[in-house]
Structure formats: C-alpha cells, structure tokens
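Written below as structure tokens is the structure these notes are about.
The values are calculated or read from the model by the stated rules, or taken from the named source; none is laboratory data. Only a predicted model underlies this, so the values are computations on that prediction, with no experimental measurement involved. Reconstructed Cβ throughout: ideal geometry from the backbone, glycine too, with neighbour counts over all protein chains shown.
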Protein chains: 2
Amino acid sequence: MQKPTIPKGMRDFGPVEMARRNYIFDTIRQVYALYGYRQIETPTMEQLSTLLGKYGEEGDRLLFKVLNSGDALRDLSDEELLERNAIHFANKACEKGLRYDLTVPFARYVVMHRSELTLPFRRYQIQPVWRADRPQKGRYREFYQCDADVIGSTSLINEVELLEIIDEVFRRFGLRVRILLNNRKILAGIAEATGRGDRLIDITTAIDKLEKIGEEKVFDELRSKGFTEDELSKLRPFLALTGSNREKLTQLKELLATSEEGQKGIEELEYILDHIDLLDLKAELVVDLSLARGLSYYTGAILEVKALDAAMGSISGGGRYDNLTGIFGLDGLSGVGISFGADRIYDVLLELGLFPSEAEIGTQVLFANFSEEDAAYLMPIVARLRREGIRSEIYPEPVKMKKQMSYADSLKIPFVVLVGEEERATSTFTLKDMQSGQQEKLTLDALISHLSAQH
Amino acid sequence: MQKPTIPKGMRDFGPVEMARRNYIFDTIRQVYALYGYRQIETPTMEQLSTLLGKYGEEGDRLLFKVLNSGDALRDLSDEELLERNAIHFANKACEKGLRYDLTVPFARYVVMHRSELTLPFRRYQIQPVWRADRPQKGRYREFYQCDADVIGSTSLINEVELLEIIDEVFRRFGLRVRILLNNRKILAGIAEATGRGDRLIDITTAIDKLEKIGEEKVFDELRSKGFTEDELSKLRPFLALTGSNREKLTQLKELLATSEEGQKGIEELEYILDHIDLLDLKAELVVDLSLARGLSYYTGAILEVKALDAAMGSISGGGRYDNLTGIFGLDGLSGVGISFGADRIYDVLLELGLFPSEAEIGTQVLFANFSEEDAAYLMPIVARLRREGIRSEIYPEPVKMKKQMSYADSLKIPFVVLVGEEERATSTFTLKDMQSGQQEKLTLDALISHLSAQH
C-alpha cells in the first residue's frame, strides 16, 4: 500500500493552524468591511490566455497549467509532439491555468462585469494563489493573498483610508508596525533632477541599497552603469536628506523645484500626511525615499509595512496604479490597493505570542461520559449549553476517565464537567478547571454563566 | 485586445453573492465549532497517485490534472508520444491533480498526521473541489463542499449529534427540513430476508423508485433482473410498511426476526430515535427504507435532508462508514460524517427570501462629500464610527450629490449623512433614511447610537 504524500511546497493546515489562520483572515475581513470594501471571489482556474504575458517571462514559466480534459493531444501534430518544445506543447495541450495572483483575475473580473459595477468599486479578495517556484523556507507553491483595491477614484482619501486599514488591522493583532511611504512621482523627479529621467530604475535600485552598502558603493554601482560625476553630484543631496517627514519634504521641495512631476509627488505625500495627522494612527509613518517596490505598475503612492519587534521583511504593502484593466482593453481605470502577507503575519504573531489562546477558540467544555445512561442524561444539557453559544462536547464513549481527561488535555479544553450519582440526585454539575485542577459544584444556571463569562 | 472569459462551468462571485455565501459558510462553521468539530484545510493539489482509483473509472476521467513544471514530456519516449494514449500520457506528464472531494484528502491527512491526532478526531472542512463534468444548470466544475466527520469513535452519540447539527444549521437559516433516516444494515437485512443477500444493490435501486413508478413496475424491474416470484413475495411486506417511525420499526422487527444484521440496524435506528426524543429538534425526522445513498461505502446510518418548502433534491446528507483510511493502508478507523450542499442551499434560501438583507451585511452609512475641507472635517468622525463597529464610507470625491445618492442606492446603503455649513456650526449631522426619505438632525452620540441600534 502506498504511503501517501502531498505535493512539494504545499501544506496541510491542522486545527490549531486553521484557528490561527482564521483569526488572521477574519480580522482582515472585518476591517476591510468596516471601510466599505466588499468581497469577491474568482475561480481557481483562469483561461491561460488571461494569465500568459501578464507576469513576465518568469511568471509564464511559473504558472501551473491544467491539462485539457478528454484528448489533450488533439491539437498537436506528430511533428509538434516530437519537437518537444515545452512551451508550445503546454499552449496546445492546456487552455487553463491556476490563479497566479489576485490582481489579473480582478482586472479580468472588472472588464467582464463592467456594466454591473458601481464606481468607485471597493473590492477585497482573500484567496490562494499558486506558483511553481522552487520551494524554500517561508516560500510555498500555494499561499493566500489578501488584497483590497478601490478603482474608479483618484481621490487621495483612498490612500489615507488604506493606511487607516493597515493601522487598524495591526492594532487588532497587537503588533507594532512602521509604515514606509514614498511616491513614484518623487522618484521620477529625483531621476529628472540628476539629469537622467530615463534611468529611474537604475537610480532607485541603487538608492535602495544605501543603508546596506553605503553611499560610496552606491555611487560605484551607478558609475559602472555609466552615470557621470556631475550626475552623481546632483544625486548626492537626495541621499543626505534627514529629519522628520515634514523636514524631508521641505528639503525635497527645494531640491525638486524644477521638476513638475516631483512637485506633484510631494503634494500627494503632503495631502496624506496632513490627513493622517487628523486621525489617531498607532503605527509609525515614515517617508522613505529608498522605498521602490512595484515600479513597473505603481504610478503614485507606494507603501510598505514592517513589524517593529520581529526580523521579517515586508508584511504588507501597496500603491496607486493608473490603468488596471488596460491589459484587457478597458482604459482609464485608476486604482489604489494594499495586500497583507498572511504567511509572514502568521510567523510574526506566533513568534511574539500574539495569537489568542486555543482555549479562546476551541471547545470550551467537555462533559465526561461515565455510562450510557449518563450520556442520555447529559445530552439535553449539552444541547442547552450549545444553544447558549458555549462550544461543548460530550465524550462519545464511556471509557476510562484517564483517557477522557487526556483527550481534554491534548485538545487544551479548559473545563471538564463531571456528573456522578450525587450530582444527578442534586441536579448539580462538578466543573473542573483543567489548568488549576480546582473543582466546584454548580447548578446548571451557574455553570452556564460561568462558562459564558470565559468569553 | 482579447475579450476575457472564464473557463466553462466556473463562476465569479460578486459582492452580493459573496455576502450570501459567507452567511451560509459562517453559519455552518459556527455550528460545527459549537459541537467541537475543528477545521482543517488540505492543499488544492494532491498527488495523482493519492486520487486515482478512488472514485471509479468515471472519477479518474473527471480529475483535473496539472501538467508537470519544466519539461513535462521528459518521461515519455517518442513512441509513447505518438501512441497518443490519453490516459497513459496524462499519467506520465502530470503527477498532480485537483482535489475531487474532501473525503480522500481527509483520509490522506489522517494517515499522514496519525501521530499528532487525538482520537476521536472531529474535523470539518469547507473547501472547493473540481470535477471536469459536463457543465449544466446547477452543476459546476468548481464548487464547495462542507464536510464534518468524526473518526475513531463507534458511539451512536455521534450520529445523534450530527442530526442535531443539521437541525441547528437549518434552524438558523429559518428553513423547514425533513431528515430521512435509514441504515444499511436494515437494507442488508431486507435483501437477506428475500433470500437474495447477494443482490443488495439491485433491490435497493428498485425500492428507491417505489414512489415514482409504483410497486408493480418495481417488481417488473426485479423480475427482469432474475428475481423469482417467491423472492418478490418476500419483499412485498417491506414495501407495505406504513405508520410512524416507531410503528415501522415494530413491523420491521418482526419481518427481520431472523436477520442478525437487520436486527442490529433496527437497534441502531432505535438508539438514534430514543436519544433524539430527549432533544428539542425542529426538523421532521422520518425513517425511510427507500433511502439508499452511498451504499458503496456507508455501513450503518444513512441520512439525507430535503427542504420542505422548495422543489430541490437533497441539500445535506451523510452516513456511517467502517474504514476511512484503509485505502492508504491504515485499517480500523470507523467514522460518521455529514455534508451540506452549499450551492443548493443558496438557491433555496434565495427562492424563499431567507437571506439577511444587504443592509444588514454591507456598508451601513455613507457620508456625503461636499468639498475637500468637508472631507477633512468628516474623516476623524468616520474613523470614530468605525471604531464603534459601524461599517462606514465617505464618498471619496466631492462630486454632484445626485451621483453620491445613486451610489448609496445601488449599493443599498441604508443611511446617508449630510453635513453642510449649518451642521458644522452646530456640530450636528443630518441623517437621511434612504428607504423612507426622512431626515433628522442628530448629535454625534445620537448618530452613533442610532446606527449601532440598526444591528
């Protein structure tokens, strides 16, 4: 008989992990809903024509492709088969692929459902995605994304609210975070001011390493890419910016005085800071000119979130983009969105002990089972507790008490109820606290209010 | 530019559908948890070796297979390619397939995690499954299953509790249902009593049609399958059983007097009825000897649920099985489980108008946006409402009021708050009820308590 396994890079989630994952997803769901974001779901499979060419060559390679049902080789000639061209073969034998991210399916959704949508459309989506990446620590072939986007509105109120959402989610998790803020228009302004508006990516890639390798090595890298000393000297003041967010912006305003795009970026950042000041954010908000993620699609605000008390990369991020649905022929839909990295948040909450205890999410009380008649006596009582919302179990077999107790122990059930002859005669219930070992005798009403109070 | 589509038999779920689907899934989740069932999730993809041969030949054909990454043709010789044998080809080019149901992955999970599990193990699982079936009305290629099973316990308390779960779920939905109950051992007893214990399936398949085609046609069918008149005359009394559940059992006891297995089945059914009598079930419970689902795996109780007020097939079902994990070499794990048909429940709740209104699940209040300064004034107030748990939006642009009102209308947001100069001067808020059209001026505290009370 085969010993079963699961595909590499994929995971089973047991009850304890699931309770924690649900805690994360439910929290994010609730906060998104509080801000008017509405959930959608798209199918696990998309047409390969929808997915191909959207994630670069690397992305195309990492798509999981689903073999056509029936005769998958139908559209391939003998010559094509013997050519053994993997890409050509897959294109002819597979017309469907697994969702690679939530953005392309969202864009596809918006185009297909355009006539039913009321703009601005705030949507959130929490679903798994699949990538045929080489599995490694912390990187899986199946993982969840938790995206929220609003499209059809260019108002910066949306950016402010998305920052509030991030703040509220991590506040509920009890996790201290720093939100890094930048704007692609400022980065473009910096490239323009150095005289190399055409080399935005080279410049930002180099700046990104400033903290790690220092200014001189950053300059060496740019020299090797053909930047002149004059250009580098124009770049230097940007790297030397210090002080508070406002002080940085004041200096930037002067340095970017001649860049219209740069000034626009500063204005946008200022709007966000001005409005965040009116609100009671717990997260630290830091303008960081080295933040340069998603430059192939972000056109305005760029943001990223780091945990303050754990060594972990970005746990959330997002930004403003200009044209979500252009790839499907529908132009002009600007949007801004964020995403939470559920797997990383899971690891951080676990490391810092921030998950609710199992006692808070699992079964609250186990009724011990001494005999068949005992069980019949207890079943209506257990039903009553459940009707009161108390998560309750009755041990199904009248086995040895030791086994029933060890069941409660291993499932971390905090209370066990024992009902013997005496209890039945007096309509009472002996409640045992599994942590302290203490027992007390209670009436049914007292039992219910005791267990309800645990929540 | 391509006009995007989605694969046939698959669906997008928009915000309204998602809210309703979440209502179904959340209700089922909550009730499962109330009875000590704990959630697990397994990966979307399983090894094909785990899936193949578990669902019959038809099932093997309906599995979605995932093309191996990299060179999928690696393990195929030129001769094998030119043979064009679809099944052989798929076996060599694909090692993974999509989950076809939740039972086989659960069995695989139990075997792989055997050492971590505490028995009895109550698990529930709510995940999509995929079948390359011909799509038709009400049948999809991607759909959710909602299973709960307890394994490692033969106690009939489990059957009773699963009936309570079904009752509680439909009670929460406000849906009147009838639960049909049978026992495979009774069916075996009937086959035995007719002298054809070897023809259980033929007999039950024919009995199943009794209501539709009548006794004579049922007998014709059995005659054509080689049953003798003597055998049919022994079967006749079983078809003539009438009366209450208890009356049926009394008659059965006599008819099956000589069948040990039949007597065991009656005992099991009696245990369930006796204990259900102690509880306050709302659902109608009917012993139905023609119920014969899942006979290839059920060994004890068999149950099925029908809605009383809608023409729809079974909306839930389940039963007791003897050997969940035998297919993976781990024998002796008996279990009993149920499953809810989410898509059918969705259709029934929609038809009967039993879903909560959108106002109860979506945004509760929209703050109109008259100007940039207005928005800045409102943002901390909206933040305050959200902190109170009120799902709130501020319209992001100061566009024409008509557009903002029509946004609230189309999203069925029940209240709009209007704040003009006068309101600002007096720190009040004009709350407009979108259904009645009535307006009233409120303080912030009054606004919050008014909106909180809506829930």
If you go through the range A:421-455, how many residues are surrounded by 12 or more Cβ atoms within 10 Å (Cβ to Cβ), part of a loop (DSSP other than H, G, I, E, B) and modelled with pLDDT of 95 or more? 3
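Could you check the range A:80-112 and list, in sequence order, the residues that are part of a loop (DSSP other than H, G, I, E, B), on the phi < 0 side of the Ramachandran plot and more than 25 Å from the chain's Cα centre (by Cα)? Give the steps one after another, and end with the answer.
First pass over the range A:80-112, keeping only residues part of a loop (DSSP other than H, G, I, E, B): A:84-85, A:99-102.
Those still in the list that are on the phi < 0 side of the Ramachandran plot too: A:85, A:99-102.
Result: A:Asn85, single match.
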Among the numbered conditions (1) in contact (Cβ under 8 Å) with a residue 12 or more places away in the chain; (2) loosely packed, with under 14 Cβ neighbours inside 10 Å; (3) within 14 Å of chain A (Cβ to nearest Cβ), tell me where B:Asp274 comes up short. (1)
If you check A:Arg391 against the conditions, is it crowded, with 20+ Cβ neighbours inside 10 Å, out of contact with any strand residue (DSSP E or B) (no Cβ under 7 Å at 6 or more places or on another chain), within 29 Å of A:Val31 (Cα to Cα) and charged (D, E, K, R)? yes
Can you tell me which residue in the range A:62-79 is nearest to the other protein chains (Cβ to nearest Cβ), limited to those that are in a helix (DSSP H, G or I) and exposed (fewer than 15 other Cβ atoms within 10 Å of the Cβ)? A:Asp78
Okay, helices (runs of 4 or more DSSP H) sitting entirely in the range A:122-220 with 2 or more residues that are closer than 21 Å to B:Thr363 by Cα, I get A:157-173
Has the range A:159-178 got any residue that is aliphatic (A, V, I, L, M) and either within 24 Å of A:Thr50 (Cα to Cα) or surrounded by fewer than 18 Cβ atoms within 10 Å (Cβ to Cβ) (or both)? no
Only one residue in B:Val416, B:Val399 is under 22 Å from A:Asn158 (Cα atoms) and assigned to a strand (DSSP E or B). Which one? B:Val416
Does B:Arg108 qualify as being among the basic types (Lys, Arg) and within 22 Å of A:Asn68 (Cβ to Cβ)? no
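Regarding the range A:33-49, can at least one residue be identified that is charged (D, E, K, R) and at positive phi? Quick ask: steps written out before the conclusion?
From the range A:33-49, those charged (D, E, K, R) are A:38, A:41, A:46; that's our starting set.
Remaining after also requiring at positive phi: none.
The answer is no; no qualifying residue exists.
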Does the range B:411-420 hold any residues that are surrounded by 14 or more Cβ atoms within 10 Å (Cβ to Cβ) and within 13 Å of B:Asp374 (Cα to Cα), and which are they? B:Val417, B:Leu418, B:Val419
B:Thr5 meets each of (1) outside the structural domain of B:Asn68 (by the TED database); (2) part of a helix (DSSP H, G or I); (3) hydroxyl-bearing (Ser, Thr, Tyr) with one exception, condition (2)
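Quick grid of which residues meet (1) aromatic (Phe, Trp, Tyr); (2) touching a residue at least 24 places away in the same chain (Cβ under 8 Å); (3) closer than 30 Å to A:Arg387 by Cα; (4) touching a helix residue (DSSP H, G or I) at 6+ places or on another chain (Cβ under 9 Å):
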position	(1), (2), (3), (4)
B:Glu260	no, no, no, yes
B:Glu270	no, no, yes, yes
B:Asp280	no, no, yes, yes
B:Glu284	no, yes, yes, no
B:Val287	no, yes, yes, yes
B:Leu324	no, yes, no, yes
B:Gly335	no, yes, yes, yes
Looking at the range A:33-41, is at least one residue within 29 Å of A:Asp147 (Cβ to Cβ), facing chain B (nearest Cβ under 7 Å) and of a type in the set (Gly, Ala, Ser)? yes
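For (1) more than 9 Å from chain A (Cβ to nearest Cβ); (2) polar (S, T, N, Q); (3) touching a residue at least 40 places away in the same chain (Cβ under 8 Å); (4) touching a strand residue (DSSP E or B) at 6+ places or on another chain (Cβ under 8 Å), each residue gets a yes or a no:
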site	(1), (2), (3), (4)
B:Tyr55	yes, no, yes, no
B:Glu58	yes, no, no, no
B:Asn91	yes, yes, yes, no
B:Pro135	yes, no, yes, no
B:Tyr140	yes, no, yes, no
B:Val150	no, no, yes, yes
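Would you say B:Arg99 is within 18 Å of B:Leu48 (Cα to Cα) and in contact with a strand residue (DSSP E or B) (Cβ under 9 Å, 6 or more places away or on another chain)? Spell out the reasoning first.
Values: within 18 Å of B:Leu48 (Cα to Cα): yes; in contact with a strand residue (DSSP E or B) (Cβ under 9 Å, 6 or more places away or on another chain): yes.
So B:Arg99 fits the description; yes.
Give the range B:251-267 a look and list any residue that's out of contact with any Lys or Arg (no Cβ under 7 Å at 6 or more places or on another chain), surrounded by 13 or more Cβ atoms within 10 Å (Cβ to Cβ) and not small (Gly, Ala, Ser), or say none.
Passing the criteria: B:Gln251, B:Leu252, B:Lys253, B:Leu255, B:Leu256, B:Gln263, B:Glu267.
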A:Ala19 vs (1) more than 14 Å from A:Tyr100 (Cβ to Cβ); (2) surrounded by fewer than 19 Cβ atoms within 10 Å (Cβ to Cβ); (3) within 10 Å of another protein chain (Cβ to nearest Cβ); (4) within 23 Å of the chain's Cα centre (by Cα): all pass except (2)
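Might you check whether a residue that is at pLDDT below 90, β-branched (Val, Ile, Thr) and surrounded by fewer than 24 Cβ atoms within 10 Å (Cβ to Cβ) occurs anywhere in the range A:97-109?
Filtering the range A:97-109 down to residues at pLDDT below 90 leaves none.
Within the range A:97-109 (the criterion being at pLDDT below 90, β-branched (Val, Ile, Thr) and surrounded by fewer than 24 Cβ atoms within 10 Å (Cβ to Cβ)), the answer is no, since none of the residues qualifies.
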Assess whether B:Leu324 counts as being in a loop (DSSP other than H, G, I, E, B), more than 10 Å from every other protein chain (Cβ to nearest Cβ) and surrounded by 21 or more Cβ atoms within 10 Å (Cβ to Cβ). yes
Given (1) away from chain B (no Cβ under 14 Å); (2) over 43 Å from the mean Cα position of the chain (by Cα), index of the condition A:Phe370 fails: (1)
